Amino acid sequence: MNASEKRQGGQVHWPPSLSSPLSSVEHRGALVQIEPMTEQQKGAAATTPPAASLSAAEQTPAARTGAVLFRHRGWLPILFLGVPLVAPGSMSPELWVIGIALVVVGEAWRLWGVAAAGTSTRRRSRNVNRLVTYGPFAWSRNPLYNVNFLIWMGFAVISGVFWFLPVAILLFGIEYSLIVRFEEGVLESTFGAEYLDYKSATSRWLPRPPGRSVAGELDWPQAWRSEVSTFMQYAVLIIAFIIKSRYGIGGKPIL
């Protein structure tokens, strides 16, 4: 999630204890046995807070829809990249140069974001340990989504499937607008006024220079390690597009 800085007083965990596999209580002389929770029930209890602790922003219909999309957001790239791979397109060396440039710029900015936010950027739960407001997060509240879009557009440009570009922009806009509504609600629930101050001072989407310098730790070694799988995906995609250009699904061979 595009967020970070430790809340004072520590994290609130719920429920208070799920560690006992089997417990019993006596009530008016009768022994009542409580059945152990399944792993699925434990996971749901650990990640879903009481309704009273949710902010109003997190309880809106848009945020609730975004919560579902957030948990399954890994499927969107399949559509974004699958269509350009299989659909005929007007590929050319010039489009390769433009597309690779977009991917490189996007990944450089993404590395900066991962160095600031850490591996929490790959999580699927709503638990947030800190509110990150420095690095690229001082420029916009959702820098990783911005650069993901740039990277996906880079591969779409390489494919030469230009009719898909407006479709991709529309799909991205709808899905990630809803996901961001959910994430903003979670951050407001978790950090309260601290997040609202950051929200009022920082653009949601369009990057703009921060009004003041915000310092924070950047863990570059961890960022590089975290992105190894991403680099491997880029390599596979580039090979796939080279094969597409050479074997007749549109375009001029580059090799």
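The values are calculated or read from the model by the stated rules, or taken from the named source; none is laboratory data. Owing to the predicted nature of the structure, the values given are computational and were not obtained by experimental measurement. Using ideal geometry, Cβ is built from the backbone for each residue, glycine included, and neighbour counts are taken over all protein chains shown.
Annotations
Quick grid of which residues meet (1) farther than 18 Å from Phe172 by Cβ; (2) out of contact with any helix residue (DSSP H, G or I) (no Cβ under 8 Å at 6 or more places or on another chain); (3) assigned to a helix (DSSP H, G or I):
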position: Ala63; (1), (2), (3): yes, no, yes
position: Val83; (1), (2), (3): no, no, yes
position: Pro88; (1), (2), (3): yes, yes, no
position: Leu102; (1), (2), (3): no, no, yes
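- Contact annotation: residue pairs with Cβ atoms under 8 Å, 6 or more positions apart or on different chains, pairing a residue in region 155-172 that is over 14 Å from Pro77 (Cβ atoms) and free of Cβ contacts under 8 Å to residues at least 24 places away in the same chain with a partner that is small (Gly, Ala, Ser) and part of a helix (DSSP H, G or I), are Leu165/Ala156.
- Within region 70-93, being in contact (Cβ under 8 Å) with a residue 40 or more places away in the chain and within 20 Å of Leu150 (Cβ to Cβ) holds for Arg73, Leu76, Pro77, Leu79, Phe80, Leu81, Val83, Pro84, Leu85, Gly89, Met91.
- Residue among Pro36, Pro84, Pro93 that alone is at pLDDT 50 or above, of a type outside the set (Val, Ile, Thr) and touching a Leu at 6+ places or on another chain (Cβ under 8 Å): Pro36
- Test: residue in region 60-79 that is modelled with pLDDT under 50 and closer than 16 Å to Arg126 by Cα: no
- Single match in Ser229, Ser203 (criterion: surrounded by fewer than 16 Cβ atoms within 10 Å (Cβ to Cβ), in a helix (DSSP H, G or I) and polar (S, T, N, Q)): Ser229
- Residue count, region 175-200 (criterion: surrounded by 21 or more Cβ atoms within 10 Å (Cβ to Cβ), under 24 Å from Ser213 (Cβ atoms) and among the acidic types (Asp, Glu)): 0
- Any hit, region 42-55, residues being of a type in the set (Ser, Thr, Tyr), closer than 30 Å to Ile242 by Cβ and either part of a helix (DSSP H, G or I) or at pLDDT 80 or above (or both): no
- Residue check for Trp152: hydrophobic (A, V, I, L, M, F, W, C) and under 19 Å from the mean Cα position of the chain (by Cα): yes
- Test: residue in region 134-148 that is part of a loop (DSSP other than H, G, I, E, B), more than 20 Å from the chain's Cα centre (by Cα) and either under 30 Å from Leu237 (Cβ atoms) or at pLDDT 95 or above (or both): no
- Restricting the first member to region 108-131 and to residues that are farther than 17 Å from Val68 by Cα and modelled with pLDDT of 90 or more, and the second to residues that are small (Gly, Ala, Ser) and in a helix (DSSP H, G or I), the beta-carbon pairs closer than 6 Å and six or more apart or on different chains are Leu111/Ala223; Trp112/Gly135; Val114/Ala223; Val114/Ser226; Ala115/Ala223; Ala116/Gly135.
Listed here are the residues, each with its yes/no results for (1) touching a helix residue (DSSP H, G or I) at 6+ places or on another chain (Cβ under 7 Å); (2) over 15 Å from Arg204 (Cβ atoms); (3) among the hydrophobic types (A, V, I, L, M, F, W, C); (4) surrounded by 20 or more Cβ atoms within 10 Å (Cβ to Cβ).
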residue	(1), (2), (3), (4)
Val128	yes, yes, yes, yes
Gly135	yes, yes, no, yes
Tyr145	yes, no, no, yes
Ile151	yes, yes, yes, yes
Ala156	yes, yes, yes, yes
Trp163	no, yes, yes, no
Leu170	no, yes, yes, no
Gly173	no, no, no, no
